[in-house]
1. Can you sort A:His217, A:His175 by how many other beta carbons sit within 10 Å, fewest first?
2. Treating the Cα atoms of the range A:1-62 as identical point scatterers in vacuum, please give the log10 of the normalised Debye intensity I(q)/I(0) at q = 0.15 Å⁻¹, two decimals.
3. A:Glu20 to A:Ala186: extension gain in nm, 0.36 nm per residue of separation minus the Cα-Cα distance?
4. May I ask you to list the residues of the range A:164-191 whose amide nitrogen lies under 19 Å from a point 7 Å from Cα along the Cα→beta-carbon direction of A:Gln204?
5. Given points 7 Å out from each Cα along the Cα-Cβ axis, report the A:Glu160 to A:Trp62 separation in nanometres with one decimal.
6. Could you work out [θ]222 nm for chain A from helices alone, using -39500 (n - 2.57) per DSSP H run of at least four and dividing by all its residues? Round to the nearest 500 deg cm²/dmol.
7. Using the alpha carbon gyration tensor of chain A, what are the three equivalent-ellipsoid semi-axes (square root of 5 times each eigenvalue), largest first, in whole Å?
8. Report the number of Lys pairs in chain A whose alpha-carbons are under 25 Å apart, with separation of 8 or more residues or on distinct chains.
Amino acid sequence: MRIATWNVNSLNARLPRVEEWLAYAQPDVLCMQETKVADAAFPAMAFSALGYETASHGDGRWNGVAIASRVGLSDVVGGFGASAADPADAAPDDRGARLVAATCGGVRVHSVYVPNGRSVGSEHYAAKLSWLEDLRAYLERTCAPGDDVAVCGDFNVAPEDRDVWDPAAMEGSTHVTEPERAALAAVQAWGLSDAFRLCYQQDQLFTWWDYRAGNFHKHMGLRIDLVLVSKSLAERVSGALVDRNARKGKQPSDHAPVLVDIDR
DNA sequence: ATGGTAGAGGATCTA
């Protein structure tokens, strides 16, 4: 199975690039973030024409996540939903259309768009940390580490300094702080491995570059788009790739897609 | 000197 994740930064603006990319990259499953499209307006026909079923969770203007699959797509759940333990208990609500899950080819697939956090110490930063806590809790109550589970998306956290173009310049900024990294590590500690890191150990391999100031061409980026896989999948990872070519050319997203191949 | 660019929407807000 080839599973991919891509923050498309508006599916309406990016649909031609996404269609082109599906045709040459041939993923079995594609998790998308920042679709910025309401479910009712999701371009499902464009995907079905290419052989993909889709699940969307979006309310239109901001955020929005989706999954496209050509290996089946069932049991779609959007958002965190109610707590199974106690539905009345502060069930983390949708919190901005940042999570959708579906079962594709026997794998429980999650497309996640972690809040940006804006600035350290802001309410948005606190919300980012609590969102990651909610993600961990969601995994605990909806699946088991022994299952085939993939959590893919834009985590807005660079896990380590080697995932940062200039750690000194970034020090103290969002995406690299210790609390953010600890919150991500807590999600992974549930039982998930960073599939890209199973394949590559080099530094300076990025998935996002700011549109501004020519950052892409100056190699000023971050690795914040991750494919996290449970143990049973990690054992079968045969390759991974950041498709930098998809960040080039006409009207690119500011993120490149990440692909992971898993042996059946 | 918080710039620089992109997307949504129709003024700014978000990233």
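1. Ranked by crowding around the Cβ, least crowded first: A:His217, A:His175.
2. For the range A:1-62, the Cα-only Debye profile gives -0.40.
3. The A:Glu20-A:Ala186 span can extend by a further 56.2 nm.
4. Output list for this probe position: A:164-171.
5. Rounded to a tenth, the inter-label distance reads 3.3 nm.
6. Working: 7 runs with 65 residues, N = 264.
After summing the helix terms and dividing by the residues of chain A, the value is -7000 deg cm²/dmol.
7. In descending order, the three semi-axes are 24, 23, 19 Å.
8. Total qualifying Lys-Lys pairs in chain A comes to 5.
Where a number appears in this text, it was derived from the coordinates with a stated rule and is not lab data. Remember, it's a predicted structure, so these values are computed and weren't measured experimentally. Cβ: placed from backbone, ideal geometry, glycine included. Neighbour counts: every protein chain shown.
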